[in-house]
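Enquirer: Here it is: the structure, laid out below.
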Amino acid sequence: MFKHDIAKILSTAALVAMFGVASADAATITFDFQNSGGTTSGSGYGNVRTYEASGLTVTVTSWGVTGAGNTQFQTAQTGYFSGNGLGVCTRAEGTGCSSPEHQVDNSGAREYVLFKFSQAIDPTQVAIDPYGAYDRDVEYFVGNATSTILTGLAPSAASLGTVGLGTRFTSLSTASESGRIVAIDGGTVNALLFGVGPLNSSGFDNIVDRFKIEWMTVQTSGPSGAPDPVGTPVPAPASLALLGGALLGLRLIGRRKA
């Protein structure tokens, strides 16, 4: 009877150890650009804003297609507008540009905001809102960026692919005073270049687009936020030790019965 009880206990312990492995649980993190300008460094063109949420850091820079006859990226200014979000002032508009040019737009020069994360994540949504009644078409690029310097590159998958941002998506909409939430595709990456596309090209209409970026959600895996790209359960050390002890105990009992 005593041996039978021990065998049951050890069997239960083995099952607990087997099913008690630590798997990576997805976590959703939100970066709020409406109510915070982040930590700033630098000023004027090429300034940097850094945000932290749940141990994850994102570095934000802005870029305008103002170089080489409006065909290549140059550094721009990332503006923060309390209660409204992030906007961009390009070299064509001047630092501290006024409304409506201080939004992310394609009036005169296409504007983009680069988000570089401290680890690989899955960006899922970006909320935008026009300051006025404007079109809200979006173009974005995702990838595992090897550099955050876009100077001299062109806003194309081929050119941006040289720094790991070669996957391009578009999300088209209509003119409105209302905001919209843009679903982000592309999977697990470490960078997102988010902005507006050209007028009357690549599926875009011939209407000027303008908006501010309000917030963004990303998804990570695991309690520390470390991504788990294959989704494979990782046995916890304590569970492995318990499993090993339980199996050894069962083996010894089996030998005594024999």
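Every number in this text was worked out from the coordinates using simple rules, so none of it is lab data. On a predicted model such as this, the values are computed, not experimentally measured, just so you know. All Cβ positions, glycine included, derive from the backbone under ideal geometry; neighbour counts span all protein chains shown.
Enquirer: Between S54 and Q119, what length in nm is gained on full extension when 0.36 nm per residue of separation is reduced by their alpha carbon distance? Each step should come with its number before you reach the end.
Expert: Values: separation 65, 0.36 × 65 = 23.40 nm, distance 1.25 nm.
The span from S54 to Q119 would gain 22.2 nm if fully extended.
Enquirer: Checking the a/c ratio against 1.5 first, then a/b against b/c, what shape does the Cα gyration tensor give for the stretch 68-193? Present the calculation step by step, with values, prior to reporting the outcome.
Expert: Details: a/c = 1.68, a/b = 1.22, b/c = 1.37.
Because a/c hits 1.5 or more and a/b fails to exceed b/c, the stretch 68-193 counts as oblate.
Enquirer: Here is a further query. Assigning unit charges at the beta carbon (Lys, Arg +1; Asp, Glu -1) and nothing else, what dipole magnitude in debye, to the nearest 20, does the stretch 26-221 show about its Cα centre? Intermediate values should be presented prior to the final figure.
Expert: Working: 9 positive and 16 negative charges, 81 e Å.
Using only the charged Cβ atoms, the result is roughly 400 debye.
Enquirer: Which of S62, S98 has the fewest other C-beta atoms within 10 Å, and how do the rest follow up to the most?
Expert: Numbers: S62 25, S98 9.
Result, fewest neighbours first: S98, S62.
Enquirer: Still on this structure, please answer the following. Using modelled backbone amide H atoms (1.01 Å from N, in-plane), which distant-in-sequence or interchain residues come within less than 5 Å of S176's amide H?
Expert: The answer is Y134, D135.
Enquirer: Using the per-residue mean of other Cβ atoms lying within 10 Å as a proxy for protection, in what order, highest first, do the peptides 160-167, 111-118 fall? Don't skip to the end; give the middle numbers.
Expert: Numbers: 160-167: 18.0, 111-118: 22.4.
Ranked by mean Cβ neighbours within 10 Å, highest first: 111-118, 160-167.
Enquirer: Under 5 Å between amide H atoms, partner at least 5 residues away or on a different chain: which partners does G46 have, H built in plane at 1.01 Å?
Expert: Counting only residues 5 or more places away or on other chains, the set is S62, A76, Q77, T78.
Enquirer: Determine the distance separating the Cα centre of the stretch 154-210 from the Cα centre of the stretch 35-59; give it in Å without decimals.
Expert: Each part's Cα centre sits 22 Å from the other's.
Enquirer: Right, next: Using 0.36 nm per residue of separation minus the Cα-Cα distance, give me the extension gain between Q219 and A154 in nm, one decimal. Write out the running numbers ahead of the final one.
Expert: Working: separation 65, 0.36 × 65 = 23.40 nm, distance 2.89 nm.
So the extension gain works out to 20.5 nm.
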